[in-house]
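The values are calculated or read from the model by the stated rules, or taken from the named source; none is laboratory data. Note that the structure is a prediction, hence the values are computed from the model and not measured. Note that each Cβ is placed from the backbone with ideal geometry, even for glycine, and that neighbours are counted across all protein chains shown.
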Amino acid sequence: MSRYISPAWRKLVAERAHHLCEYCLSFEEFSVVKFQIEHIISIKHRGSTTLDNLAYSCVFCNRNKGSDIGTILKDQLFTRFFNPRTDLWKDHFSISGVLLLSKTEIGEATLTMLDLNHFERLMERQALQEVGFFPHPNALQIIL
């Protein structure tokens, strides 16, 4: 399977996501590191390089997710991660101040494994919130 993602597809995936990380809703313009195109289902797990399997991700979410597709929660059952192509963010997460909260086990698995509420990420959101950019206006249609 190909890992190559053309510049045209990179642009399309970024625009489809409104230049937001599809997991934590960070806005690329405020990042010092360019966002990445990631395979929702990794090639390692037989995911394909197709538009319906690609997501826009900040480096932190992409690094923490790696090639994982889910995790084991406290009930000892496998729980898949949030899939930006098939799931609605607002069905699995909510925002309280600068905290991202889970509404479902899928949300909990994603929140925990991608470390969406790491202290440094909370500090970044706090700074952005103080100047009116968290949640970013592009995210309002996703979270409401």
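Quick check on segment 75-101: of everything there that is among the small types (Gly, Ala, Ser) and part of a strand (DSSP E or B), which residue is surrounded by the fewest Cβ atoms within 10 Å (Cβ to Cβ)? Give the derivation first.
Residues of segment 75-101 among the small types (Gly, Ala, Ser): 94, 96-97.
Pick out the ones that are also part of a strand (DSSP E or B) and you get 94, 96.
Values: SER94: 14, SER96: 7.
Here the residue is SER96.
Which one of PHE93, PHE119 is touching a Ser or Thr at 6+ places or on another chain (Cβ under 8 Å) and closer than 24 Å to PHE30 by Cβ?
On the way: PHE119 fails: touching a Ser or Thr at 6+ places or on another chain (Cβ under 8 Å).
Only one candidate qualifies: PHE93.
Candidates GLU38, GLU15, GLU22: the one that is among the charged types (D, E, K, R) and in a loop (DSSP other than H, G, I, E, B) is GLU22. Within segment 1-47, the set of residues being free of Cβ contacts under 8 Å to residues at least 60 places away in the same chain, of a type in the set (D, E, K, R) and within 17 Å of ARG80 (Cα to Cα) comprises GLU38, LYS44, ARG46.
Restricting ILE143, ILE106 to those that are touching a Pro at 6+ places or on another chain (Cβ under 8 Å) and hydrophobic (A, V, I, L, M, F, W, C) reduces the list to ILE143.
Take LEU25 and tell me if it is at positive phi and surrounded by 18 or more Cβ atoms within 10 Å (Cβ to Cβ).
Criteria met by LEU25.
Of a type outside the set (Asp, Glu) and over 12 Å from the mean Cα position of the chain (by Cα): does that describe ARG121? Break it down stepwise before answering.
On the way: of a type outside the set (Asp, Glu): yes; over 12 Å from the mean Cα position of the chain (by Cα): yes.
Yes; evaluated as a whole, the condition is true for this residue.
When THR50 is tested against (1) free of Cβ contacts under 8 Å to residues at least 12 places away in the same chain; (2) in contact with a strand residue (DSSP E or B) (Cβ under 6 Å, 6 or more places away or on another chain); (3) of a type in the set (Ser, Thr, Tyr), exactly one condition is not met: (2).
When segment 83-94 is examined, which residues are found to be free of Cβ contacts under 8 Å to residues at least 60 places away in the same chain and touching a strand residue (DSSP E or B) at 6+ places or on another chain (Cβ under 9 Å)?
Residues of segment 83-94 that are free of Cβ contacts under 8 Å to residues at least 60 places away in the same chain, as a first pass: 83, 85-88, 90-94.
Within segment 83-94, ASN83, ARG85, HIS92, PHE93, SER94 meet the criteria.
Selection of segment 102-140 for residues being assigned to a helix (DSSP H, G or I), in contact (Cβ under 8 Å) with a residue 12 or more places away in the chain and closer than 25 Å to ARG80 by Cα yields GLU105, ILE106, GLY107, GLU108, ALA109, THR110, LEU111, THR112, MET113, ARG121, LEU122, ALA139.
So that you can scan it fast, the table gives a plain yes or no per residue for (1) among the polar types (S, T, N, Q); (2) at pLDDT 95 or above:
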site	(1), (2)
TRP9	no, yes
VAL13	no, yes
PHE30	no, no
GLY66	no, yes
PHE78	no, yes
SER102	yes, yes
